[in-house]
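Single-structure report; data block below.
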Amino acid sequence: MLFRQRDAQLEAEKMKPIKRLLIANRGEIACRIIRSCRLLGIDSVAVYSDADRDAQHVSQADRAVHIGASAATESYLNAEVIVAAALKIKADAVHPGYGFLSESTELIRRCQEHDITFIGPSIESIAQMGSKINAKRIAQDLEIATVPGYNGDSQGVADLLAEANRVGYPLLIKASAGGGGKGMRIVHNKDEFEATLAQAKQEALNAFGDDSVLLEKYIVRSRHIEVQVIGDSQGNVCHLFDRECSIQRNYQKVIEEAPAANLSPDTRKALFDSAVKLARHLNYQGAGTVEFIVDADSKDFYFLEMNTRLQVEHPTTELVTGVDLVALQIKIAQGEALPFKQDSLSVNGHAIEARVNAEDPSNNYHPEIGKLNLYREPIAEGLRIDSGVAQGSSISPFYDSMIAKVIAWGETRGLAGQRLLQGLGDFAIAGVKTNREFLMSLMARPAFHQELTTQYIDEAFPDGWQAWGEEVHAAIAAAALATTQETKRNGMFSGTPWQSLSNWRLTTDAGFPAVTRFYLQQGESTRTIKLVGGQGRYLVTVLKQQEIYVKEKEIPVKEKETLGKEKIVEFNILLSLSDSHCQVEVGGSRGMLDIAIDGSEVHLSSSKLNRSYHFLSLEEDLLKESSAQSDNSNIIRAQMPGLITDVLVSVGEDISQGDIALAIESMKLINSMRAPCSGTVSKVFCVAGDNVESGTLLVEIEPITA
């Protein structure tokens, strides 16, 4: 008894209770950590940049500290200011979340200097696994199979090209220091190797401050399987089973699930054994993920990397094991032992997670920025939403584009999938385009219930994904706006853009139905939508772009449709509009919509589509058409705010259509800007290092004339 009491006393002395925790992150993961802090009775401290002053994680935390400018390098990626904030607020510990400084040895070192607990593994473990090159060497020493390739020290272009030719094509160039798809490029032949290498190195340098890369044989039909591991300071290591993350785009995960389907028991056990062997070798403490590639044809598996942090997809493991991984991370950091043994852990049911991002899948997944004018999360049995936004939140260009994660649990994979589909359908979002319908399309395909591979998206949509129903939703948006304006008969145009809409008519003489025209801006073009009727009953005609002219000295303005203009489609629409919902009937089919109207903008969200529409007054449309005539296809503009990382052209240089002219970093990704035509560069308006706004003129080209 005496010895047991002494052992208990020694263990208590090793404990370092955490009473106040600073979260060195933002958005969804910061809000997720705050929830576990509340469960443990720990005071939570948020940090925020200029762009995040009004963010959800700031309002949800018990306290908050400003740490710098909007750019991540001046705030969330600055270890010095993070630790200074922790000292200022007298925090006992720092939780890095994922991304940013979650695998930064500098942050750990600074925390150690000031006796602040870092919620995560040791600095030695992070350093050993932080380099993919070094991690592969350790795995090879432990006789864990790795993907054939090159992970040597030489980073010269000639040496890397020689190694690439030895490995063979296709191959993958991978940034040694990072993850999340940054600095990863596939190379199909030796002719494109050097240009692709330069892009991968530049993106790696921007994201991680290290441009070293490794080369790997590209396994075309591969599955991405990972194993969650957890270790404590007493030397105990367990796995919390596996996850499948094969559905990816641009090497970034889109849909994840736990456990992996269609995986043999022998392969599963071998993966567990390899992951635990690696974690034990590292004396690993905290949560980590060991990632593997499984060849879908041969069933062989290879070690890929180890992420020494929490993963974005950790909720799937939490739902099938009942383990709060964030709370467990904190307890381990305090010195507590794992509360379970391997034999006591089991998998209950199935969980699937989908990442809802601000992007336009129908436009090559172009990132979206803007305000969430409409945002309502679904509530249902077996459904969990992890998010860091609310209605009115802004999606900025400074950080990644994820809005929320929708996670569904069910006794079977089929039930989990059905619940996730339902949840995505009930998720109301407007103000920015999202990938919500794209996710639903991925899950609704029969192939989703078969063996998955990393080629899933390419095989599902070889020509790219396109949303359906655009015309009908545009028509509904116009009808909703017309109905809203009609209810404001008394002074209905006061203070609105419709004051100048000279051809707006609610009623006509002799009782004829009202005719209303809206001008809908869609990208660089304009559509005209004509409504006949009123009081929620309309015949809506969506027309192609029309020629508008103004006769000299004639007031009011009149319009003329160009002869032979083709009608796109007509709809009979009946709708009942309330403050937040719209019941709509189109061609005898009824449905519910969430709707938000802000001046000339209408935001719609349904189970099939979420879209935002901007309507122009007649005068605005005339100005837009005039501008379009002088703004042709010989210029390159910034498609969204970002940082110019590379300018590859100069004045007087000949360029061919499709050549890369410059590169711009936005939402943590490098985007190549290509020449819209062949010709000679006549003007360059930017240099590397410039921060530019959306629409900024960057390069002008003198086209080749016949």
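The values are calculated or read from the model by the stated rules, or taken from the named source; none is laboratory data. On a predicted model such as this, the values are computed, not experimentally measured, just so you know. Cβ atoms come from the backbone with ideal geometry, glycine included; neighbour counts cover every protein chain shown.
Every condition in (1) hydrophobic (A, V, I, L, M, F, W, C); (2) touching a helix residue (DSSP H, G or I) at 6+ places or on another chain (Cβ under 7 Å); (3) free of Cβ contacts under 8 Å to residues at least 40 places away in the same chain; (4) within 21 Å of Tyr302 (Cβ to Cβ) is met by Leu161 except one, and the failing one is (4). Against the list (1) within 25 Å of Asn262 (Cα to Cα); (2) touching an Asp or Glu at 6+ places or on another chain (Cβ under 8 Å); (3) of a type in the set (Ser, Thr, Tyr), the condition Ser441 fails is (2).
In the same structural domain as Leu543 (by TED's automatic domain parsing), modelled with pLDDT of 85 or more, of a type in the set (Gly, Ala, Ser) and in contact with a Cys (Cβ under 9 Å, 6 or more places away or on another chain): does that describe Ala480? Against the criterion (in the same structural domain as Leu543 (by TED's automatic domain parsing), modelled with pLDDT of 85 or more, of a type in the set (Gly, Ala, Ser) and in contact with a Cys (Cβ under 9 Å, 6 or more places away or on another chain)), Ala480 qualifies. For first residues located in segment 110-138 and farther than 14 Å from Asn151 by Cα, partners that are acidic (Asp, Glu) and modelled with pLDDT of 95 or more and lie 6+ apart or on another chain with Cβ distances below 8 Å form the pairs Arg110/Glu80; Ile116/Asp92; Thr117/Asp92. When segment 206-232 is filtered for residues that are of a type in the set (Gly, Ala, Ser) and modelled with pLDDT under 95, the ones remaining, listed by number, are Ala207, Gly209, Ser212, Ser222. Considering each residue of segment 218-232 in turn, at least one proves to be surrounded by 22 or more Cβ atoms within 10 Å (Cβ to Cβ), of a type outside the set (S, T, N, Q) and over 30 Å from Glu336 (Cα atoms). Look at (1) surrounded by 17 or more Cβ atoms within 10 Å (Cβ to Cβ); (2) within 25 Å of Glu353 (Cβ to Cβ); (3) in contact (Cβ under 8 Å) with a residue 40 or more places away in the chain and you find that Asn250 fails only one, number (1).
Please specify each residue of segment 67-98 satisfying the condition of being among the acidic types (Asp, Glu) and free of Cβ contacts under 8 Å to residues at least 60 places away in the same chain. I'd like the intermediate steps shown before the answer.
Initial filter on segment 67-98 (among the acidic types (Asp, Glu)): 74, 80, 92.
Within segment 67-98, Glu74, Glu80 meet the criteria.
I'm checking my understanding of the structure. Among residues of segment 235-283 that are in contact with a Gly (Cβ under 7 Å, 6 or more places away or on another chain) and assigned to a strand (DSSP E or B), which one is modelled with the lowest pLDDT? Taking the candidates together, the pick is Gln252. Filtering segment 201-217 to residues that are surrounded by fewer than 22 Cβ atoms within 10 Å (Cβ to Cβ) and of a type outside the set (S, T, N, Q) leaves Lys201, Leu205, Phe208, Gly209, Asp210, Asp211, Lys217.
Among the strands (runs of 3 or more DSSP E) confined wholly to segment 42-148, which include 3 or more residues that are among the aliphatic types (A, V, I, L, M)?
Where strands (runs of 3 or more DSSP E) fall fully within segment 42-148 and carry at least 3 residues being among the aliphatic types (A, V, I, L, M), they are 43-49, 63-68.
Across segment 648-667, the qualifying residues are those that are assigned to a loop (DSSP other than H, G, I, E, B) and small (Gly, Ala, Ser), and the one among them that is nearest to Ala71 (Cα to Cα) is Ser650. Taken over segment 407-466, residues that are under 21 Å from the mean Cα position of the chain (by Cα), modelled with pLDDT of 90 or more and of a type in the set (Ser, Thr, Tyr) amount to 4. Against the numbered list (1) of a type in the set (A, V, I, L, M, F, W, C); (2) assigned to a loop (DSSP other than H, G, I, E, B); (3) surrounded by 15 or more Cβ atoms within 10 Å (Cβ to Cβ), Ile670 comes up short only at (2).
Listed here are the residues, each with its yes/no results for (1) among the polar types (S, T, N, Q); (2) modelled with pLDDT under 65; (3) in contact with a Phe, Trp or Tyr (Cβ under 6 Å, 6 or more places away or on another chain); (4) surrounded by fewer than 15 Cβ atoms within 10 Å (Cβ to Cβ).
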residue: Ile595; (1), (2), (3), (4): no, no, no, no
residue: His603; (1), (2), (3), (4): no, no, no, no
residue: Ser607; (1), (2), (3), (4): yes, no, no, no
residue: Leu623; (1), (2), (3), (4): no, yes, no, yes
residue: Gln639; (1), (2), (3), (4): yes, no, no, no
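In segment 82-104, the residue that is farthest from Ser666 (Cα to Cα) out of those that are β-branched (Val, Ile, Thr) and under 26 Å from the mean Cα position of the chain (by Cα) is Val94. Could you tell me how many of the residues in segment 186-210 are touching a Gly at 6+ places or on another chain (Cβ under 9 Å) and either of a type in the set (Val, Ile, Thr) or not in a helix (DSSP H, G or I) (or both)? Counting residues in segment 186-210 that are touching a Gly at 6+ places or on another chain (Cβ under 9 Å) and either of a type in the set (Val, Ile, Thr) or not in a helix (DSSP H, G or I) (or both) gives 1.
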